[in-house]
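For reference, the structure I am asking about is given below.
The values are calculated or read from the model by the stated rules, or taken from the named source; none is laboratory data. Model, not experiment: these values are computed from the prediction. Here the Cβ positions follow ideal geometry from the backbone for every residue, glycine too, while neighbour counts run over all protein chains shown. Note: areas computed on protein heavy atoms with side chains; ligands, DNA, RNA excluded. Shrake-Rupley method; radii C 1.70, N 1.55, O 1.52, S 1.80 Å.
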Amino acid sequence: MGDVVIGLLIDSAIAGYQRLPYMRYEERKVVLEAIAGVKEVVPQETLNCVPNLLKIKPDYVLHRDDWNTGVLRETRQRVIDTLNQWGGELIEPDPMPGITATALHHAIREVGTTPERRLSMLKRLLEARPLLRIIEAHSGLTGLIAETVSVESDNKVREFDGIWMSSLTDSTVKAKPDIEYVDMTSRMNTVSDILETTTKPIIFDGDTGGIAEHFVYMVRTLERLGVSAVIIEDKKGLKKNSLFGTDVVQIQDNIEDFAQKVSAGKSAQVTDDFMIIARIESLILKAGMDDALARAQAYIATGADGIMIHSKRPTADEVLTFCKEYEKFDDRVPLVVVPSTYAQTTEDELAEAGVRVVIYANQLLRSAYPAMVEVAKSILLHSRAAEAEEHCMFIKDIINLIPERN
Ligand code: SPV
Ligand code: MG
């Protein structure tokens, strides 16, 4: 039919309605350019290919015939209207059976990923999407939930973008308090289980990072495993969970020492893609908004790749105030929040305020524990398990949940 020009969607155009593609735009371009008969591959910046069509004025447009529904339906109509301007023709070949983006994602999940590819995924996502949603995992199984659960809304597939390796939930499943007692070896075992069942990027909760001389080893280990980022909080001494606030004794580190720790970590990392995110505890410890903002400025100046502002207020008011002031900074890095106590605030509201990453830090464990207690009580109460059955998954489902690898 003539020379073939391929309009190839750039990463952010795809990430707007489905999962970020496994291969970067540049990689996909190289593959397509190598196909005999392909004259050129041009970037397509949005789902609307009309600007490219107007430039190229092709005689034919080829697109597989599966775009008459969903988010691409409108695009299809626009293509037909545009081609009509010069008598061009839309050709819609039958799709090859079994070749869909979803099937490819499943296949990739089977194959797994590499540490390097996974590590770079968080920065890629930050470039491609305005807001990332991250959910906690504390085991291979909860990792699998973070990896696979998806819903469809407004014709878009919605999934979690990555995994938070929470110190609270990793400690709690081991029935230990969240006081940095669960050591790095044990935490890395949990990371390893999660790596096994997932391909999405992981953000590791590094607590205080320990002393700077130890933090550099944490950075190296995480990076080697393919973890994308570590978040460390500006506290020192015996760390307690932030959601205790000032009910327990917690000491904030001074700005200089914490900045020095961040900077030691930055010097230790090997890749450009690994991110060290500085977590500010000023609002938790009632040190005030000015202190929080001064710390954000200092941590950014020292090289932090992101700022997490934490709050345990029942509403997002103080976080939103922080965001407003933060927007005025000349130098900004992606802002991360953890809306555990102000859970009624929506992602849209947070994104509007400039937040780039929302972490759902503990909900999987907080929902599983009460369910397990209820089932245990029911068995005791009825001296049998029949009444608990309605709260349990089918046995056939659990034995098939984790298939053997072929
Ligand atoms: C965690 O999930 O372990 C966190 C967030 O650090 S918080 O529990 O709110 O401190
Ligand atoms: Mg924690």
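Ignoring everything but the protein chains, give the 1.4 Å probe accessible area of residue 56 in square angstrom, nearest 10.
Solvent-accessible area, nearest 10 Å²: 70 Å².
Could I ask something else about it? Please state the charge dipole magnitude for region 75-149, taken about the Cα centre, from unit charges on C-beta atoms (+1 on K and R, -1 on D and E), reported in debye and rounded to the nearest 20.
On the way: 9 positive and 9 negative charges, 77 e Å.
Taking the Cα centre of region 75-149 as origin, the dipole is about 380 debye.
So what is the relative contact order of region 4-91, in percent, for Cα pairs below 8 Å that sit 6 or more residues apart?
The value is 30 percent.
Continuing with this model, one more query. What does the accessible area per residue of region 112-361 come to in Å², with a 1.4 Å probe and no ligands, DNA or RNA counted? Each step should come with its number before you reach the end.
Numbers: 10350 Å² over 250 residues.
Each residue of region 112-361 exposes 41 Å² on average to a 1.4 Å probe.
Which order do the peptides 255-267, 367-379, 157-169, 313-325 come out in when sorted by mean C-beta neighbours inside 10 angstrom, highest first?
On the way: 255-267: 18.7, 367-379: 12.5, 157-169: 22.7, 313-325: 16.5.
Result, highest mean Cβ count within 10 Å first: 157-169, 255-267, 313-325, 367-379.
Note the full-extension length gain between residue 108 and residue 86 as 0.36 nm times their separation in residues minus their Cα-Cα distance, in nm to one decimal.
Numbers: separation 22, 0.36 × 22 = 7.92 nm, distance 4.10 nm.
That pair, residue 108 and residue 86, stretches by 3.8 nm at full extension.
Compute the signed sum of charges (Lys and Arg +1, Asp and Glu -1) over the other residues within less than 9 Å, Cβ to Cβ, of residue 358.
Working: positive: 133, 356; negative: 347.
With Lys, Arg at +1 and Asp, Glu at -1, the neighbours total +1.
Something else: Which order do you get for 182, 30 if you rank them by accessible area with a 1.4 Å probe, largest at the top? Working shown, then result.
Numbers: 182 20, 30 95 Å².
If we order 182, 30 from most to least accessible, we get 30, 182.
How high is the relative contact order of the chain, given as a whole-number percent (alpha carbon pairs under 8 Å, six or more residues apart)? Could you put the intermediate results ahead of the total?
On the way: 643 pairs, mean separation 49.6, N = 406.
For the chain, the relative contact order is 12 percent.
Please list, by residue number, every one of the trypsin sites (Lys or Arg not before Pro) in region 57-119 that is coil in DSSP and has at most 16 other beta-carbon atoms within 10 Å.
Working: sites: 64, 73, 76, 78, 109, 117, 118; in loops: 64.
Those that pass, being in a loop and sparsely packed, are 64.
While we're on this one: Given 0.36 nm per residue, what is the gain on full extension from residue 30 to residue 185 after removing their alpha carbon distance, in nm?
Numbers: separation 155, 0.36 × 155 = 55.80 nm, distance 4.07 nm.
Full extension from residue 30 to residue 185 adds 51.7 nm.
Given charges of +1 on the Cβ of Lys and Arg and -1 on the Cβ of Asp and Glu, with all other atoms neutral, how large is the dipole of the chain about its Cα centre, in debye to the nearest 20? Mind showing how you got there, number by number?
Details: 46 positive and 62 negative charges, 86 e Å.
Rounded to the nearest 20 debye, it is 420 debye.
Heavy atoms only, probe 1.4 Å: what % of the accessible area of region 112-361 goes to carbon and sulfur, would you let me know? If you can, show how the numbers build up before the last one.
Working: 5350 of 10350 Å².
Answer for region 112-361 is 52 percent, counting heavy atoms of protein chains only.
If one computes the Cα centroid of region 214-252 and of region 64-97, what distance in Å separates the two points?
51 Å
Of 371, 71, 307, which is farthest along the charge dipole of the chain in the positive direction, counting Lys and Arg as +1 and Asp and Glu as -1 at C-beta?
About the Cα centre, the residue reaching furthest to the positive side is 371.
Find how many whole Å separate the alpha carbon centroid of region 149-206 from the alpha carbon centroid of region 349-367.
Here the two parts' Cα centres lie 14 Å apart.
Pull up the cross-link candidates among the lysines for residue 240, meaning alpha carbon to alpha carbon under 27 Å and not fewer than 8 places away within one chain.
Once the sequence-local lysines are set aside, what remains near residue 240 is 174, 176, 261, 266, 286, 312.
Have a look at 320, 391, 17 and report the one farthest towards the positive end of the charge dipole of the chain, computed about the Cα centre with Cβ charges (Lys/Arg +1, Asp/Glu -1).
Value: 391.
How much net charge surrounds residue 95 when only other residues with a Cβ under 10 Å from its Cβ are counted (Lys, Arg +1; Asp, Glu -1)?
Working: positive: 64; negative: 65, 66, 92, 94.
In short, -3.
Only four residue types carry charge here, +1 at the Cβ of Lys and Arg and -1 at the Cβ of Asp and Glu. Report the dipole size of region 281-406 about the Cα centre in Debye, rounded to the nearest 20.
Working: 13 positive and 20 negative charges, 86 e Å.
It works out to roughly 420 debye.
Right, next: So how do 364, 54, 62 rank on accessible area, 1.4 Å probe, biggest first, that is with the largest at the start? The partial results should precede the final answer.
On the way: 364 35, 54 75, 62 105 Å².
My answer, sorted largest first, is 62, 54, 364.
Just from its helices, what would the mean residue ellipticity at 222 nm be for the chain, if runs of 4 or more DSSP H residues each count -39500 (n - 2.57) and the sum is divided by every residue, rounded to the nearest 500 deg cm²/dmol?
Values: 16 runs with 172 residues, N = 406.
Estimated from H runs of four or more residues: -12500 deg cm²/dmol.
Given a cut-off of under 8 Å on Cα pairs at least six residues apart, what relative contact order in percent is computed for region 261-406? Provide the component values of the computation, followed by the final result.
On the way: 160 pairs, mean separation 24.0, N = 146.
Relative contact order of region 261-406: 16 percent.
Let me ask another. Under a 1.4 angstrom probe, counting protein chains only, how are 25, 217 ranked by accessible area, largest first? Intermediate results must be reported in sequence, preceding the final value.
Details: 25 30, 217 160 Å².
Putting 25, 217 in descending order of accessible area: 217, 25.
Follow-up. How would region 270-387 be classified by its alpha-carbon gyration tensor: rounded, prolate or oblate, with rounded meaning a/c under 1.5 and the a/b versus b/c comparison settling the rest?
Numbers: a/c = 3.01, a/b = 2.30, b/c = 1.31.
Note, shape of region 270-387 comes out prolate.
Out of all DSSP beta bridges in the chain, what portion is antiparallel? Express it as a percent rounded to 5. Present the calculation step by step, with values, prior to reporting the outcome.
Numbers: 6 of 42 bridges.
For the chain, the DSSP antiparallel bridge percentage is about 15.
Further, regarding this structure: What shape does region 112-361 take by its C-alpha gyration tensor, where a ≥ b ≥ c are the square roots of the eigenvalues and a/c under 1.5 counts as rounded, a/b above b/c as prolate, and the rest as oblate?
Values: a/c = 1.32, a/b = 1.11, b/c = 1.19.
Cα axes put region 112-361 in the rounded bin.
Rounded, prolate or oblate: which fits region 161-310, taking a ≥ b ≥ c as square roots of the Cα gyration tensor eigenvalues, rounded meaning a/c under 1.5, else prolate when a/b beats b/c? It would help to have the intermediate numbers written out before the result.
Values: a/c = 1.78, a/b = 1.21, b/c = 1.47.
Here region 161-310 falls in the oblate category.
Next question, about the same structure. For the chain, with the dipole built from +1 on Lys and Arg beta-carbon atoms and -1 on Asp and Glu ones, taken about the Cα centre, which of 142, 157, 101 lies farthest toward the positive end?
142
Enter the accessible area of residue 391 (Å², nearest 10), with the probe set to 1.4 Å and all protein chains included.
120 Å²
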